[in-house]
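What follows is a single structure, written as structure tokens, with notes after it.
Values quoted throughout were computed directly from the atomic coordinates according to the rules given, and no laboratory measurement underlies them. Remember, it's a predicted structure, so these values are computed and weren't measured experimentally. No Cβ is skipped: glycine too gets one built from the backbone with ideal geometry, and neighbour counts run over all protein chains shown.
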Amino acid sequence: MPGRIQNKAALITGAGSGIGLESALLFAQEGANVLLVDINLAAAEKALGLIEQRYPNVKAAAIKADVGKEADVKAAVDKAVELFGRLDIMFNNAGIMHPEDDNALNTEERIWDLTMQINVKGVWWGCKYAILAMRKNPDDPARGLHTGGSIINTASFVALMGAATPQLACASSPGGSAPGPVLPHTASKGAVLAMTRELAMVHAREGIRINSICPGPLKTPLLMDFLDTQEKRDRRLVHLPMGRFGEAVEVAKGALFLASDDSSYMTGTDFKVDGGLTSCYVTPL
Ligand code: NAD
């Protein structure tokens, strides 16, 4: 049985951990050739080792790149084209929520700028170089490959709804109970949604689909290390209709859908994988 993205060439940023790691494994399982890109090369190489062990028939490689640097993003896309001859799927997933990210009154400008550099400019450059590469994709109907492609940008539920509690520790609320939203992170994810929609419209007739994926709060080590008491977890869980945090692999499955031809009539969407969070007024008892 061919996989859902058989023979396609994929590049995933932030592939060394969390959503990016689970997506890399899933994309390879579904037959794609995958370039794993991360600022943490050791993490990306560890993920590559898992792919080589589990899916020896796919081509995969890992490289170091900082998505906050345009030259690194261009080099990563060039590497994917060099390795695979094309780029069908670009998953702009890498993003940060800086430990010093804070509210409007306390955030330092350097933290704002760094967050925008990685979370917004990184996605812009990822889209820019992916679009340039996807325009040149050779048409290969026999292998189910065509000019164009699918770009997926990771935003967040925080781009769609406000939160008065911090998602992670921030400078003004080390205990996590005082108000202290992570303003630059939230603003950056709003920018990802707006940018994705506009790019999707501009490039719709080139066969390039561009969608955002909006994960809800996930059971990642980073979040769970911070939510280290039942009381802190319950403060969030009461707002989650399903009564649980999401798993990174559940977001990866959403990314796979957007990457595959199963979503062939979808572009410009804010695709939510949030357990119903952003649709919720009152949760079940
Ligand atoms: P994670 O911290 O587990 O993984 C992020 C990866 O990105 C890491 O391997 C890290 O080394 C890499 N990275 C960081 N900065 C980079 C840079 N400048 N260049 C290249 N790689 C870089 O995070 P995650 O939870 O998997 O989050 C992935 C994306 O999902 C992020 O954009 C995040 O904002 C978003 N998100 C996460 C959650 C959540 O609850 N975890 C919720 C909503 C949105």
Residue order, fewest to most beta carbons within 10 Å, for 81, 282, 249, 123: 282, 249, 81, 123
The stretch 223-260: trypsin sites (Lys or Arg not before Pro) in DSSP coil with no more than 15 other Cβ atoms inside 10 Å: 244
Length released on extending from residue 57 to residue 253, taking residue separation times 0.36 nm less the Cα-Cα span: 68.5 nm
For 280, 214, 127, order by how many other beta-carbon atoms lie within 10 Å, fewest first: 280, 127, 214
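Kirkwood Rh over Cα pairs of the chain into Stokes-Einstein at 4 °C, 1.567 mPa s: D in µm²/s?
68
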Mean separation of Cα contacts under 8 Å (6+ apart) over length of the chain, as relative contact order %: 18
Stretch gain in nm, segment residue 142-residue 164, where the contour uses 0.36 nm per residue and the Cα spacing is subtracted: 2.7 nm
Nearest-0.05 FRET efficiency for residue 202 and residue 69, computed from C-beta distance (R0 25 Å): 0.55
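For the chain, which longest stretch is free of loop sites, where a loop site is one of the chymotrypsin sites (Phe, Trp or Tyr not before Pro) that DSSP puts outside H, G, I, E and B and that has at most 14 other Cβ atoms within 10 Å?
With chymotrypsin sites (Phe, Trp or Tyr not before Pro) excluded where exposed in loops, the chain gives 1-264 as its longest stretch.
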Other-chain or far-sequence residues with amide H under 5 Å of residue 6's (modelled H): none
Positive dipole terminus of the stretch 1-120, leading residue within 119, 105, 15 (C-beta point charges): 15
Two-site FRET efficiency, residue 46 against residue 82, from Cβ-Cβ distance with R₀ of 25 Å, rounded to 0.05: 0.60
Using a Förster distance of 41 Å, the FRET efficiency for residue 226-residue 135 (Cβ separation, nearest 0.05): 0.45
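Run the dipole for the chain about the Cα centre, Lys and Arg Cβ at +1, Asp and Glu Cβ at -1, nothing else charged, and hand back the magnitude in debye, nearest 20.
540
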Positive-end residue of 68, 90, 230, charge dipole of the stretch 9-273 with Cβ unit charges: 90
Per-residue Cβ neighbour rank within 10 angstrom, fewest leading, 120, 202: 202, 120
Span-like helix ranges in the chain, DSSP H, alpha carbon extent 15 angstrom or more, Kyte mean at least -1.0: 18-29, 41-54, 70-84, 122-135, 183-202, 248-259
Separation in nanometres of the label points that stand 7 Å from Cα toward Cβ, at residue 108 and residue 279: 4.3
